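Values quoted throughout were computed directly from the atomic coordinates according to the rules given, and no laboratory measurement underlies them. All values derive from a computational prediction rather than experimental measurement. Ideal geometry is used to build each Cβ from the backbone, glycine not excepted, and the neighbour counts take in all protein chains shown.
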Amino acid sequence: MIQPYLVILPTKERGRGVFAMEEIPARTIIEISPVIVMESHDRTSLDQTKLHDYIFEWGGEKKQCCVGLGYISIYNHSYTSNCEYEMDYESEMMTIQTVVDIKKGEELFINYNGSYDDPKLVWFEVQ
């Protein structure tokens, strides 16, 4: 399920991102999408490809990884994101929910550290 008011558009610094085409209240689920789960030995190969920038660590011990379908892998990172994600390991799904009110035209961000306001540095330089 992806809300129809979400679109992927180009961004100035990050290639492309997910944007809201209407106002969205805080605590609104905007996407529930499946993921493709891969084992730890697959991660070694994936880390050598462009997919490295689009995978999430997966599982309680973070030994697996996944690629989110839907728009999941297109949300850009922010240390003060306006959305958060939840992983359902059993059903192999991810949910994106807003944490603040979103304005029309605003880009939607998640914090790649897992918590919407986690200040821990990520593995890449943030623009």
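Quick look at the values:
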{"quantity": "Conditions (1) in contact with a strand residue (DSSP E or B) (Cβ under 8 Å, 6 or more places away or on another chain); (2) of a type in the set (Asp, Glu); (3) touching a residue at least 60 places away in the same chain (Cβ under 8 Å): number failed by ASP53", "calculated": "(1)"}
{"quantity": "Condition met for ALA26 (in contact with a Lys or Arg (Cβ under 7 Å, 6 or more places away or on another chain) and at negative phi)", "calculated": "no"}
{"quantity": "Filtered residue count, the stretch 1-15, keeping only those that are charged (D, E, K, R) and surrounded by 14 or more Cβ atoms within 10 Å (Cβ to Cβ)", "calculated": "1"}
{"quantity": "First in the stretch 95-113 and more than 19 Å from ARG14 (Cβ to Cβ) and touching a residue at least 40 places away in the same chain (Cβ under 8 Å), second anywhere and crowded, with 20+ Cβ neighbours inside 10 Å and not polar (S, T, N, Q), Cβ under 6 Å, 6 or more apart", "calculated": "THR98/ILE24; THR98/CYS83; VAL99/TYR116"}
{"quantity": "Hits in the stretch 17-33 (condition: surrounded by 14 or more Cβ atoms within 10 Å (Cβ to Cβ) and either of a type in the set (Lys, Arg) or in contact with a helix residue (DSSP H, G or I) (Cβ under 9 Å, 6 or more places away or on another chain) (or both))", "calculated": "GLY17, VAL18, GLU31, SER33"}
